Amino acid sequence: MSARTSPSTELWTLGIEALLDGYAAGDFLPTEVLESCLRRIEETDGRLSVFVHLDVSGARDMAAASDRAYRAGTPRGRLDGIPVGIKDIIDVAGMPTRCGSRIMPDHPVTSDASVTRTLREQGAIILGKVATHEFANGLPSLDLPAPPARNPWNVDHHPGGSSSGSGAGVAAGMFPLGIGTDTGGSARHPASACGIVGLKPTYGAISREGVFPLSPSLDTVGLLTRSTRDAAIALEALAHPSAADPSSVTMPWTTLSGGTSDAEGLRIAYVRHFHEQDVIADPEVAAGLDRAAELFSNAGARVDDYQLAAADEYFAVNRVILHSDAYAIHQDFLKDQPQDYGAAQRESLLVGAFVGAADLVRAQMRRTELVQQMARCFAEYDIILCASSMDPAGRFDDPAGTARTYARQARTPFNVTGAPAISLMSGLASNGLPISIQLAARPCDEPALIRAAAAYETIAGAMPKAFDPA
(Lines give C-alpha, C1' and ligand atoms only; values in the text may rest on other atoms or scores of the structure.)
Protein backbone atom coordinates (compact mmCIF):
# COMPACT_ATOMS: atom_id res chain seq x y z
CA MET A 1 0.00 0.00 0.00
CA SER A 2 1.51 3.36 -1.05
CA ALA A 3 2.08 6.29 1.28
CA ARG A 4 -0.62 8.31 -0.44
CA THR A 5 -3.16 5.57 0.29
CA SER A 6 -1.98 4.56 3.77
CA PRO A 7 -4.63 3.48 6.29
CA SER A 8 -4.59 6.97 7.84
CA THR A 9 -5.41 8.66 4.53
CA GLU A 10 -8.94 10.01 4.27
CA LEU A 11 -10.10 8.87 0.85
CA TRP A 12 -12.07 12.08 0.24
CA THR A 13 -8.80 14.03 0.24
CA LEU A 14 -7.45 12.19 -2.81
CA GLY A 15 -7.49 13.64 -6.30
CA ILE A 16 -8.31 11.88 -9.56
CA GLU A 17 -4.83 10.56 -10.29
CA ALA A 18 -4.36 9.22 -6.75
CA LEU A 19 -7.76 7.53 -6.80
CA LEU A 20 -7.06 5.85 -10.14
CA ASP A 21 -3.67 4.68 -8.85
CA GLY A 22 -5.31 3.30 -5.71
CA TYR A 23 -7.98 1.46 -7.67
CA ALA A 24 -5.36 -0.05 -9.97
CA ALA A 25 -3.26 -1.16 -6.98
CA GLY A 26 -6.27 -2.65 -5.18
CA ASP A 27 -5.81 -0.31 -2.19
CA PHE A 28 -9.53 0.52 -2.03
CA LEU A 29 -12.73 0.36 -4.07
CA PRO A 30 -15.01 3.07 -5.50
CA THR A 31 -17.74 2.28 -2.97
CA GLU A 32 -15.30 3.08 -0.16
CA VAL A 33 -14.33 6.35 -1.82
CA LEU A 34 -17.97 7.31 -2.35
CA GLU A 35 -18.88 6.66 1.28
CA SER A 36 -15.92 8.77 2.37
CA CYS A 37 -17.09 11.62 0.10
CA LEU A 38 -20.66 11.30 1.37
CA ARG A 39 -19.44 11.60 4.97
CA ARG A 40 -17.49 14.69 3.97
CA ILE A 41 -20.57 16.18 2.31
CA GLU A 42 -22.62 15.50 5.44
CA GLU A 43 -19.97 17.19 7.58
CA THR A 44 -19.53 20.31 5.47
CA ASP A 45 -22.43 21.06 3.15
CA GLY A 46 -24.59 22.59 5.85
CA ARG A 47 -22.04 25.41 6.01
CA LEU A 48 -21.08 25.57 2.33
CA SER A 49 -24.39 25.07 0.46
CA VAL A 50 -22.74 23.28 -2.45
CA PHE A 51 -25.40 20.71 -3.43
CA VAL A 52 -28.81 21.62 -4.81
CA HIS A 53 -29.61 17.96 -5.64
CA LEU A 54 -27.72 15.04 -4.07
CA ASP A 55 -28.52 11.58 -5.46
CA VAL A 56 -27.11 9.22 -2.84
CA SER A 57 -28.92 6.12 -4.10
CA GLY A 58 -27.94 6.66 -7.72
CA ALA A 59 -24.32 7.38 -6.76
CA ARG A 60 -24.16 4.17 -4.75
CA ASP A 61 -25.45 2.20 -7.72
CA MET A 62 -22.78 3.74 -9.95
CA ALA A 63 -20.05 3.08 -7.39
CA ALA A 64 -21.13 -0.58 -7.13
CA ALA A 65 -20.86 -0.90 -10.92
CA SER A 66 -17.35 0.58 -10.72
CA ASP A 67 -16.45 -1.95 -8.01
CA ARG A 68 -17.52 -4.79 -10.27
CA ALA A 69 -15.47 -3.39 -13.16
CA TYR A 70 -12.30 -3.08 -11.08
CA ARG A 71 -12.75 -6.51 -9.51
CA ALA A 72 -13.03 -7.95 -13.02
CA GLY A 73 -9.92 -6.07 -14.09
CA THR A 74 -11.86 -4.17 -16.77
CA PRO A 75 -12.36 -0.54 -15.77
CA ARG A 76 -14.93 1.04 -18.06
CA GLY A 77 -13.16 4.28 -18.81
CA ARG A 78 -10.68 6.96 -17.81
CA LEU A 79 -12.86 8.21 -14.94
CA ASP A 80 -14.18 4.91 -13.58
CA GLY A 81 -14.96 5.37 -9.89
CA ILE A 82 -14.35 9.15 -9.80
CA PRO A 83 -17.04 11.13 -7.90
CA VAL A 84 -18.27 14.21 -9.77
CA GLY A 85 -20.39 17.26 -8.98
CA ILE A 86 -22.18 18.85 -11.95
CA LYS A 87 -23.15 22.51 -12.27
CA ASP A 88 -26.90 22.98 -12.25
CA ILE A 89 -27.14 24.34 -15.79
CA ILE A 90 -26.06 20.95 -17.21
CA ASP A 91 -28.68 18.26 -17.80
CA VAL A 92 -28.49 15.03 -15.81
CA ALA A 93 -31.29 12.58 -16.59
CA GLY A 94 -33.55 12.07 -13.59
CA MET A 95 -32.61 15.37 -11.93
CA PRO A 96 -34.05 18.87 -12.38
CA THR A 97 -32.01 21.53 -14.17
CA ARG A 98 -33.03 24.64 -12.24
CA CYS A 99 -30.13 26.91 -13.29
CA GLY A 100 -30.33 28.44 -9.82
CA SER A 101 -33.61 30.12 -10.77
CA ARG A 102 -37.36 30.12 -10.15
CA ILE A 103 -37.83 30.40 -13.90
CA MET A 104 -36.99 26.76 -14.60
CA PRO A 105 -39.41 23.92 -13.77
CA ASP A 106 -38.66 21.76 -10.76
CA HIS A 107 -39.09 18.41 -12.49
CA PRO A 108 -36.47 15.93 -13.69
CA VAL A 109 -35.15 16.19 -17.22
CA THR A 110 -35.32 13.04 -19.30
CA SER A 111 -31.94 13.02 -21.02
CA ASP A 112 -28.30 13.70 -20.26
CA ALA A 113 -26.19 16.50 -21.65
CA SER A 114 -23.41 15.27 -23.92
CA VAL A 115 -20.80 15.80 -21.21
CA THR A 116 -22.96 13.88 -18.72
CA ARG A 117 -23.32 10.95 -21.11
CA THR A 118 -19.56 10.89 -21.57
CA LEU A 119 -19.05 10.94 -17.81
CA ARG A 120 -21.31 7.90 -17.49
CA GLU A 121 -19.53 6.12 -20.36
CA GLN A 122 -16.21 6.81 -18.64
CA GLY A 123 -17.48 5.28 -15.38
CA ALA A 124 -17.74 8.47 -13.28
CA ILE A 125 -19.92 8.48 -10.15
CA ILE A 126 -22.39 11.35 -10.52
CA LEU A 127 -23.17 12.67 -7.06
CA GLY A 128 -25.66 15.30 -8.15
CA LYS A 129 -26.13 18.93 -9.13
CA VAL A 130 -24.26 21.79 -7.48
CA ALA A 131 -24.82 25.50 -7.00
CA THR A 132 -24.52 28.12 -9.70
CA HIS A 133 -25.24 31.81 -9.98
CA GLU A 134 -28.63 32.27 -11.62
CA PHE A 135 -28.33 31.11 -15.23
CA ALA A 136 -24.53 31.13 -14.80
CA ASN A 137 -24.45 34.92 -14.67
CA GLY A 138 -24.17 37.80 -12.23
CA LEU A 139 -23.18 37.64 -8.58
CA PRO A 140 -23.85 35.59 -5.43
CA SER A 141 -27.48 36.37 -4.60
CA LEU A 142 -29.63 35.82 -1.53
CA ASP A 143 -32.99 36.16 -3.33
CA LEU A 144 -32.87 32.84 -5.21
CA PRO A 145 -34.42 29.41 -4.49
CA ALA A 146 -31.19 28.03 -3.00
CA PRO A 147 -28.59 29.84 -0.89
CA PRO A 148 -25.30 30.75 -2.58
CA ALA A 149 -22.33 28.45 -2.13
CA ARG A 150 -19.63 29.63 0.28
CA ASN A 151 -15.84 29.59 0.28
CA PRO A 152 -14.32 26.62 2.17
CA TRP A 153 -11.39 28.79 3.28
CA ASN A 154 -13.73 31.20 5.05
CA VAL A 155 -17.50 30.90 4.79
CA ASP A 156 -17.90 34.68 5.16
CA HIS A 157 -16.40 34.98 1.66
CA HIS A 158 -17.77 34.01 -1.74
CA PRO A 159 -16.21 31.07 -3.68
CA GLY A 160 -16.20 32.83 -7.06
CA GLY A 161 -18.63 32.17 -9.84
CA SER A 162 -20.60 31.32 -11.65
CA SER A 163 -19.45 27.69 -11.17
CA SER A 164 -19.54 28.35 -7.44
CA GLY A 165 -20.63 24.93 -6.20
CA SER A 166 -18.22 23.14 -8.53
CA GLY A 167 -15.28 25.09 -7.11
CA ALA A 168 -16.32 25.03 -3.46
CA GLY A 169 -17.09 21.31 -3.60
CA VAL A 170 -13.68 20.37 -5.02
CA ALA A 171 -11.85 22.65 -2.58
CA ALA A 172 -13.79 21.29 0.40
CA GLY A 173 -13.14 17.63 -0.48
CA MET A 174 -16.70 16.70 -1.43
CA PHE A 175 -15.63 15.44 -4.86
CA PRO A 176 -12.36 15.52 -6.84
CA LEU A 177 -13.92 16.66 -10.13
CA GLY A 178 -16.32 19.53 -10.65
CA ILE A 179 -17.96 20.17 -14.01
CA GLY A 180 -18.63 23.86 -14.60
CA THR A 181 -18.91 26.32 -17.45
CA ASP A 182 -16.84 29.31 -18.47
CA THR A 183 -18.23 32.23 -20.51
CA GLY A 184 -16.22 35.10 -19.07
CA GLY A 185 -14.14 33.18 -16.55
CA SER A 186 -16.79 31.21 -14.63
CA ALA A 187 -14.68 28.09 -14.01
CA ARG A 188 -11.36 29.86 -13.51
CA HIS A 189 -12.83 32.37 -11.05
CA PRO A 190 -13.93 29.73 -8.48
CA ALA A 191 -10.56 28.04 -8.93
CA SER A 192 -8.81 31.31 -8.11
CA ALA A 193 -11.06 32.04 -5.14
CA CYS A 194 -10.90 28.51 -3.71
CA GLY A 195 -7.23 27.62 -4.32
CA ILE A 196 -7.73 24.84 -6.86
CA VAL A 197 -7.22 24.33 -10.61
CA GLY A 198 -9.72 25.71 -13.12
CA LEU A 199 -9.35 24.74 -16.78
CA LYS A 200 -11.20 26.41 -19.63
CA PRO A 201 -10.42 24.28 -22.69
CA THR A 202 -10.39 25.55 -26.24
CA TYR A 203 -13.84 26.75 -27.33
CA GLY A 204 -15.72 23.67 -28.54
CA ALA A 205 -13.39 21.06 -27.02
CA ILE A 206 -16.17 19.66 -24.79
CA SER A 207 -19.65 19.56 -26.27
CA ARG A 208 -22.21 22.00 -24.84
CA GLU A 209 -25.23 20.02 -26.03
CA GLY A 210 -27.60 19.84 -23.05
CA VAL A 211 -26.00 22.81 -21.26
CA PHE A 212 -28.36 25.75 -20.75
CA PRO A 213 -26.75 28.58 -22.71
CA LEU A 214 -25.66 31.94 -21.39
CA SER A 215 -23.85 33.11 -24.52
CA PRO A 216 -23.41 30.43 -27.19
CA SER A 217 -20.74 32.57 -28.83
CA LEU A 218 -18.58 32.29 -25.73
CA ASP A 219 -19.78 29.36 -23.56
CA THR A 220 -17.28 26.60 -22.75
CA VAL A 221 -17.60 23.59 -20.45
CA GLY A 222 -14.89 23.95 -17.78
CA LEU A 223 -13.22 21.59 -15.32
CA LEU A 224 -12.32 22.12 -11.66
CA THR A 225 -9.82 19.80 -9.97
CA ARG A 226 -7.07 19.79 -7.33
CA SER A 227 -4.13 19.45 -9.74
CA THR A 228 -3.17 20.03 -13.34
CA ARG A 229 -2.69 16.30 -13.97
CA ASP A 230 -6.21 15.68 -12.64
CA ALA A 231 -7.53 18.29 -15.07
CA ALA A 232 -5.60 16.66 -17.92
CA ILE A 233 -7.05 13.23 -17.13
CA ALA A 234 -10.58 14.64 -17.07
CA LEU A 235 -10.12 16.56 -20.31
CA GLU A 236 -8.74 13.48 -22.07
CA ALA A 237 -11.93 11.68 -21.13
CA LEU A 238 -14.39 14.45 -21.97
CA ALA A 239 -13.05 16.18 -25.09
CA HIS A 240 -15.29 14.57 -27.70
CA PRO A 241 -17.23 16.29 -30.50
CA SER A 242 -21.00 15.94 -30.72
CA ALA A 243 -23.12 16.03 -33.86
CA ALA A 244 -25.77 17.85 -31.81
CA ASP A 245 -23.37 20.70 -31.04
CA PRO A 246 -22.18 22.44 -34.22
CA SER A 247 -19.54 24.37 -32.26
CA SER A 248 -17.81 21.23 -30.96
CA VAL A 249 -14.46 20.36 -32.53
CA THR A 250 -12.20 17.36 -32.82
CA MET A 251 -8.99 18.12 -30.96
CA PRO A 252 -5.64 17.31 -32.62
CA TRP A 253 -4.44 15.36 -29.57
CA THR A 254 -5.63 12.25 -27.72
CA THR A 255 -3.49 12.25 -24.55
CA LEU A 256 -2.48 15.02 -22.16
CA SER A 257 -1.58 13.57 -18.78
CA GLY A 258 1.49 11.55 -19.71
CA GLY A 259 3.60 14.25 -21.37
CA THR A 260 6.57 16.19 -20.11
CA SER A 261 6.04 18.69 -17.31
CA ASP A 262 9.29 20.68 -17.30
CA ALA A 263 9.70 24.37 -18.13
CA GLU A 264 12.98 24.05 -20.03
CA GLY A 265 12.72 25.87 -23.36
CA LEU A 266 9.17 27.16 -22.89
CA ARG A 267 8.62 30.59 -24.42
CA ILE A 268 6.41 32.61 -22.09
CA ALA A 269 4.83 36.00 -22.80
CA TYR A 270 4.27 37.79 -19.47
CA VAL A 271 1.32 40.12 -19.99
CA ARG A 272 1.91 42.19 -16.91
CA HIS A 273 0.04 45.28 -18.12
CA PHE A 274 -3.25 43.49 -17.41
CA HIS A 275 -2.52 43.74 -13.67
CA GLU A 276 -0.07 46.65 -13.51
CA GLN A 277 -1.84 49.20 -15.73
CA ASP A 278 -5.25 48.05 -16.96
CA VAL A 279 -6.73 46.70 -13.70
CA ILE A 280 -4.23 47.32 -10.92
CA ALA A 281 -3.98 44.19 -8.80
CA ASP A 282 -3.67 43.72 -5.08
CA PRO A 283 0.08 43.86 -4.28
CA GLU A 284 0.09 40.27 -3.03
CA VAL A 285 -1.44 39.04 -6.30
CA ALA A 286 1.13 41.03 -8.27
CA ALA A 287 3.96 39.61 -6.18
CA GLY A 288 2.70 36.08 -6.85
CA LEU A 289 2.76 36.73 -10.59
CA ASP A 290 6.30 38.12 -10.47
CA ARG A 291 7.37 35.10 -8.45
CA ALA A 292 5.85 32.77 -11.04
CA ALA A 293 7.73 34.56 -13.82
CA GLU A 294 10.96 34.24 -11.86
CA LEU A 295 10.36 30.55 -11.13
CA PHE A 296 9.73 29.82 -14.80
CA SER A 297 12.85 31.73 -15.81
CA ASN A 298 15.00 29.93 -13.24
CA ALA A 299 13.64 26.60 -14.52
CA GLY A 300 14.86 27.28 -18.05
CA ALA A 301 11.95 29.08 -19.68
CA ARG A 302 12.31 32.27 -21.70
CA VAL A 303 10.06 34.88 -20.08
CA ASP A 304 9.50 38.22 -21.83
CA ASP A 305 7.12 41.08 -21.17
CA TYR A 306 4.49 41.28 -23.90
CA GLN A 307 1.85 43.85 -24.81
CA LEU A 308 -1.63 42.80 -25.92
CA ALA A 309 -4.69 45.02 -26.24
CA ALA A 310 -5.83 46.62 -23.00
CA ALA A 311 -8.01 44.43 -20.81
CA ASP A 312 -10.92 46.85 -21.21
CA GLU A 313 -11.08 46.09 -24.93
CA TYR A 314 -11.66 42.39 -24.25
CA PHE A 315 -14.17 43.24 -21.52
CA ALA A 316 -16.15 45.51 -23.85
CA VAL A 317 -16.30 42.91 -26.62
CA ASN A 318 -17.32 40.20 -24.18
CA ARG A 319 -20.04 42.35 -22.61
CA VAL A 320 -21.68 43.27 -25.92
CA ILE A 321 -21.71 39.70 -27.20
CA LEU A 322 -22.74 38.15 -23.89
CA HIS A 323 -25.56 40.62 -23.21
CA SER A 324 -26.88 40.28 -26.77
CA ASP A 325 -26.86 36.48 -26.63
CA ALA A 326 -28.32 36.31 -23.13
CA TYR A 327 -31.15 38.71 -23.88
CA ALA A 328 -32.08 36.77 -27.02
CA ILE A 329 -32.29 33.57 -24.94
CA HIS A 330 -34.28 35.12 -22.07
CA GLN A 331 -36.45 37.61 -23.95
CA ASP A 332 -39.70 35.64 -23.63
CA PHE A 333 -39.08 34.79 -19.96
CA LEU A 334 -38.41 38.47 -19.24
CA LYS A 335 -41.72 39.46 -20.87
CA ASP A 336 -43.81 36.75 -19.22
CA GLN A 337 -42.35 36.35 -15.72
CA PRO A 338 -39.76 39.03 -14.92
CA GLN A 339 -40.67 38.84 -11.23
CA ASP A 340 -39.30 35.29 -11.04
CA TYR A 341 -35.71 36.36 -11.69
CA GLY A 342 -33.40 37.45 -8.92
CA ALA A 343 -32.82 41.20 -8.94
CA ALA A 344 -29.16 41.02 -10.07
CA GLN A 345 -29.90 38.66 -12.94
CA ARG A 346 -32.94 40.60 -14.16
CA GLU A 347 -30.90 43.81 -14.23
CA SER A 348 -28.05 42.12 -16.09
CA LEU A 349 -30.28 40.51 -18.70
CA LEU A 350 -32.19 43.72 -19.45
CA VAL A 351 -28.96 45.40 -20.50
CA GLY A 352 -29.11 43.28 -23.64
CA ALA A 353 -32.35 44.96 -24.72
CA PHE A 354 -30.39 48.15 -25.33
CA VAL A 355 -27.53 46.67 -27.38
CA GLY A 356 -27.99 47.64 -31.01
CA ALA A 357 -27.17 45.64 -34.11
CA ALA A 358 -24.37 48.05 -34.96
CA ASP A 359 -22.86 47.54 -31.50
CA LEU A 360 -22.87 43.78 -31.98
CA VAL A 361 -21.35 43.97 -35.44
CA ARG A 362 -18.58 46.26 -34.20
CA ALA A 363 -17.92 43.94 -31.25
CA GLN A 364 -17.62 40.94 -33.57
CA MET A 365 -15.27 42.85 -35.87
CA ARG A 366 -13.09 43.87 -32.93
CA ARG A 367 -13.18 40.30 -31.65
CA THR A 368 -11.66 39.13 -34.94
CA GLU A 369 -8.88 41.70 -34.57
CA LEU A 370 -8.18 40.59 -31.00
CA VAL A 371 -8.04 36.94 -32.08
CA GLN A 372 -5.54 37.87 -34.78
CA GLN A 373 -3.43 39.90 -32.36
CA MET A 374 -3.26 37.04 -29.88
CA ALA A 375 -2.39 34.63 -32.70
CA ARG A 376 0.63 36.82 -33.46
CA CYS A 377 1.67 36.47 -29.82
CA PHE A 378 1.37 32.69 -30.03
CA ALA A 379 3.40 32.63 -33.22
CA GLU A 380 6.35 33.69 -31.06
CA TYR A 381 5.44 32.29 -27.63
CA ASP A 382 4.06 28.99 -26.32
CA ILE A 383 2.33 30.34 -23.22
CA ILE A 384 0.85 33.57 -21.87
CA LEU A 385 1.32 34.27 -18.15
CA CYS A 386 -1.05 36.81 -16.61
CA ALA A 387 -3.40 37.44 -13.73
CA SER A 388 -6.64 35.58 -13.13
CA SER A 389 -8.34 37.41 -10.23
CA MET A 390 -6.84 40.71 -9.14
CA ASP A 391 -7.94 40.21 -5.52
CA PRO A 392 -8.76 37.49 -3.01
CA ALA A 393 -12.46 36.66 -2.72
CA GLY A 394 -14.75 39.34 -1.28
CA ARG A 395 -17.14 39.07 1.66
CA PHE A 396 -20.85 38.32 1.54
CA ASP A 397 -21.56 41.25 3.85
CA ASP A 398 -19.90 43.62 1.36
CA PRO A 399 -21.95 43.31 -1.85
CA ALA A 400 -20.33 46.36 -3.43
CA GLY A 401 -16.87 45.00 -2.70
CA THR A 402 -17.82 41.60 -4.10
CA ALA A 403 -19.16 43.19 -7.29
CA ARG A 404 -15.90 45.10 -7.57
CA THR A 405 -13.69 42.02 -7.18
CA TYR A 406 -15.80 40.05 -9.68
CA ALA A 407 -15.05 42.66 -12.35
CA ARG A 408 -11.34 42.90 -11.50
CA GLN A 409 -9.91 40.01 -13.50
CA ALA A 410 -8.04 39.02 -16.68
CA ARG A 411 -9.87 35.82 -17.63
CA THR A 412 -12.19 37.30 -20.25
CA PRO A 413 -9.49 37.73 -22.96
CA PHE A 414 -9.37 33.97 -23.43
CA ASN A 415 -13.13 33.63 -23.79
CA VAL A 416 -13.07 36.31 -26.47
CA THR A 417 -10.27 34.53 -28.37
CA GLY A 418 -11.34 30.94 -27.63
CA ALA A 419 -7.88 30.01 -26.32
CA PRO A 420 -7.45 27.42 -23.55
CA ALA A 421 -6.55 28.88 -20.14
CA ILE A 422 -5.95 27.59 -16.64
CA SER A 423 -6.02 29.23 -13.21
CA LEU A 424 -3.58 27.97 -10.58
CA MET A 425 -3.07 28.80 -6.92
CA SER A 426 0.04 30.90 -6.25
CA GLY A 427 -0.25 31.07 -2.46
CA LEU A 428 -2.26 32.63 0.33
CA ALA A 429 -2.83 36.33 0.89
CA SER A 430 -2.23 37.79 4.33
CA ASN A 431 -5.95 37.37 5.08
CA GLY A 432 -5.61 33.60 4.59
CA LEU A 433 -7.47 33.43 1.26
CA PRO A 434 -6.03 32.00 -1.98
CA ILE A 435 -4.42 34.08 -4.72
CA SER A 436 -3.68 32.84 -8.21
CA ILE A 437 -2.00 33.08 -11.58
CA GLN A 438 -3.29 32.24 -15.05
CA LEU A 439 -1.66 30.55 -18.03
CA ALA A 440 -3.01 30.35 -21.59
CA ALA A 441 -1.96 28.67 -24.84
CA ARG A 442 -2.91 28.88 -28.51
CA PRO A 443 -6.25 27.28 -29.43
CA CYS A 444 -6.12 23.47 -29.48
CA ASP A 445 -2.69 23.43 -27.82
CA GLU A 446 -3.78 21.98 -24.49
CA PRO A 447 -0.61 19.84 -24.41
CA ALA A 448 1.54 22.99 -24.08
CA LEU A 449 -0.83 24.45 -21.49
CA ILE A 450 -0.84 21.29 -19.38
CA ARG A 451 2.93 21.02 -19.63
CA ALA A 452 3.43 24.60 -18.43
CA ALA A 453 0.86 24.35 -15.64
CA ALA A 454 2.27 21.05 -14.36
CA ALA A 455 5.77 22.54 -14.49
CA TYR A 456 4.57 25.50 -12.42
CA GLU A 457 3.08 23.19 -9.80
CA THR A 458 6.41 21.36 -9.57
CA ILE A 459 8.64 24.41 -9.30
CA ALA A 460 6.28 26.37 -7.04
CA GLY A 461 5.93 23.47 -4.60
CA ALA A 462 2.92 22.08 -2.80
CA MET A 463 0.18 24.59 -2.02
CA PRO A 464 -2.04 24.43 1.06
CA LYS A 465 -5.59 23.10 0.69
CA ALA A 466 -8.76 24.40 2.22
CA PHE A 467 -9.16 21.15 4.16
CA ASP A 468 -5.58 21.06 5.51
CA PRO A 469 -5.42 21.13 9.34
CA ALA A 470 -5.06 24.69 10.60
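Quick notes on this one:
- The condition of being open to solvent by 20 Å² or more (accessible area, probe 1.4 Å) and either touching a helix residue (DSSP H, G or I) at 6+ places or on another chain (Cβ under 6 Å) or hydroxyl-bearing (Ser, Thr, Tyr) (or both) holds for Ser430.
- Residue selection: Gly352 fails the criterion of being in contact with a strand residue (DSSP E or B) (Cβ under 7 Å, 6 or more places away or on another chain), open to solvent by less than 20 Å² (accessible area, probe 1.4 Å), more than 30 Å from Asp445 (Cβ to Cβ) and not aromatic (Phe, Trp, Tyr).
- Long-range neighbours under 6 Å by Cβ, at least six apart or interchain, first residue free of Cβ contacts under 8 Å to residues at least 40 places away in the same chain within the range 393-417, second open to solvent by 20 Å² or more (accessible area, probe 1.4 Å): Thr405/Asp391
- Within the range 131-145, the set of residues being crowded, with 24+ Cβ neighbours inside 10 Å and among the acidic types (Asp, Glu) comprises just one member, Glu134.
- Single residue of the range 156-205 satisfying the filter (assigned to a helix (DSSP H, G or I) and aliphatic (A, V, I, L, M)) that is farthest from Glu446 (Cα to Cα): Ala172
- Number of residues in the range 206-215 that are in a loop (DSSP other than H, G, I, E, B), touching a strand residue (DSSP E or B) at 6+ places or on another chain (Cβ under 8 Å) and either open to solvent by less than 20 Å² (accessible area, probe 1.4 Å) or closer than 17 Å to His240 by Cβ (or both): the value is 5.
- Within the range 433-470, restricting attention to residues that are surrounded by fewer than 21 Cβ atoms within 10 Å (Cβ to Cβ) and of a type in the set (Val, Ile, Thr), the residue that is nearest to Arg226 (Cα to Cα) is Thr458.
- Residues (open to solvent by 10 Å² or more (accessible area, probe 1.4 Å) and farther than 23 Å from Pro420 by Cα) located in the range 147-189: Pro147, Pro148, Arg150, Pro152, Trp153, Asn154, Val155, Asp156, His157
- Any hit, the range 309-325, residues being outside any helix (DSSP H, G or I), in contact (Cβ under 8 Å) with a residue 24 or more places away in the chain, among the aliphatic types (A, V, I, L, M) and open to solvent by less than 70 Å² (accessible area, probe 1.4 Å): yes
- Evaluation of His189 against (1) within 9 Å of the chain's Cα centre (by Cα); (2) more than 20 Å from Ser49 (Cβ to Cβ) (one fails), failing number: (2)
- Here Ser297 meets each of (1) within 21 Å of Arg376 (Cα to Cα); (2) surrounded by fewer than 19 Cβ atoms within 10 Å (Cβ to Cβ); (3) hydroxyl-bearing (Ser, Thr, Tyr) with one exception, condition (1).
- Within the range 326-339, tally of residues that are open to solvent by 30 Å² or more (accessible area, probe 1.4 Å) and over 27 Å from the mean Cα position of the chain (by Cα): 8
- For Thr402, the criteria (1) modelled with pLDDT under 95; (2) of a type in the set (Ser, Thr, Tyr); (3) open to solvent by 40 Å² or more (accessible area, probe 1.4 Å) hold in every case but one, which is (3).
- Test result for Thr110, assigned to a loop (DSSP other than H, G, I, E, B), open to solvent by 10 Å² or more (accessible area, probe 1.4 Å) and among the β-branched types (Val, Ile, Thr): yes
- Residue satisfying condition, being at pLDDT 95 or above and under 27 Å from Ala191 (Cβ atoms), within set Asp336, Asp382, Asp359: Asp382
- Scanning the range 260-269 finds no residues that are under 30 Å from Ala363 (Cβ atoms), surrounded by 15 or more Cβ atoms within 10 Å (Cβ to Cβ), in contact (Cβ under 8 Å) with a residue 12 or more places away in the chain and acidic (Asp, Glu).
- Residue count, the range 270-285 (criterion: among the polar types (S, T, N, Q) and crowded, with 21+ Cβ neighbours inside 10 Å): 0
- Among the residues of the range 224-244, those identified as outside any helix (DSSP H, G or I) and open to solvent by 10 Å² or more (accessible area, probe 1.4 Å) are Arg226, Ser227, Ala239, His240, Pro241, Ser242, Ala243, Ala244.
- Of the residues making up the range 83-94, those that are open to solvent by 10 Å² or more (accessible area, probe 1.4 Å) and either under 17 Å from Ala63 (Cβ atoms) or under 18 Å from the mean Cα position of the chain (by Cα) (or both) are Asp91, Gly94.
- The range 245-286, residues that are of a type in the set (Val, Ile, Thr) and either closer than 29 Å to Ser217 by Cα or in a helix (DSSP H, G or I) (or both): Val249, Thr250, Thr254, Thr255, Ile268, Val271, Val279, Ile280, Val285
The values are calculated or read from the model by the stated rules, or taken from the named source; none is laboratory data. Everything quoted here is computed from the prediction, not taken from an experiment. Positions of Cβ are backbone-derived with ideal geometry, glycine not excepted, and every protein chain shown enters the neighbour counts. Protein only, heavy atoms only, side chains kept; ligands, DNA and RNA dropped before computing areas. Shrake-Rupley method; radii C 1.70, N 1.55, O 1.52, S 1.80 Å.
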